[in-house]
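Worksheet: the structure to be examined is printed underneath.
The values are calculated or read from the model by the stated rules, or taken from the named source; none is laboratory data. Predicted model only: the values in this text are computed from it and were never measured. Methodologically, a virtual Cβ is constructed for each residue, glycine included, from the backbone with ideal geometry; neighbour enumeration extends over all protein chains shown.
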Amino acid sequence: MSTLSSIVIGIISLFILYILCKIFISPIKWLFRLMLGCIAGVAAMLISNLILSGLGITFSINPLTAMISGVLGIPGMVLTIILQGML
């Protein structure tokens, strides 16, 4: 095998590796952001439960409500309260 063909194979391999990294890193970043949002949502709901329990307003904390409040933030927590009141 000549030096030129080795260089071409190396460049093609690096290009394929770059494409694979671009394909697989993006979903991992998205899942990591979603996970951090859910953790922040649970923390906000726990703090809200401590503060609002005196008024009789509490959240039921489960994976769905954590994801709603983590992704939507304060409006998600309000949505959870409204839906809980409707049910």
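I'm trying to understand the selection: among the residues of the range 1-57, which are at pLDDT below 80 and under 30 Å from G85 (Cα atoms)?
I57
Enumerate the pairs (first residue in the range 30-49 and farther than 15 Å from N62 by Cβ; second residue anywhere and in a helix (DSSP H, G or I)) with beta-carbon separation below 6 Å, excluding pairs fewer than 6 apart on the same chain, so at least 6 apart or on different chains.
Once the first residue is farther than 15 Å from N62 by Cβ and sits in the range 30-49, its partners that are in a helix (DSSP H, G or I) give G37/G70; G37/V71; A40/G70.
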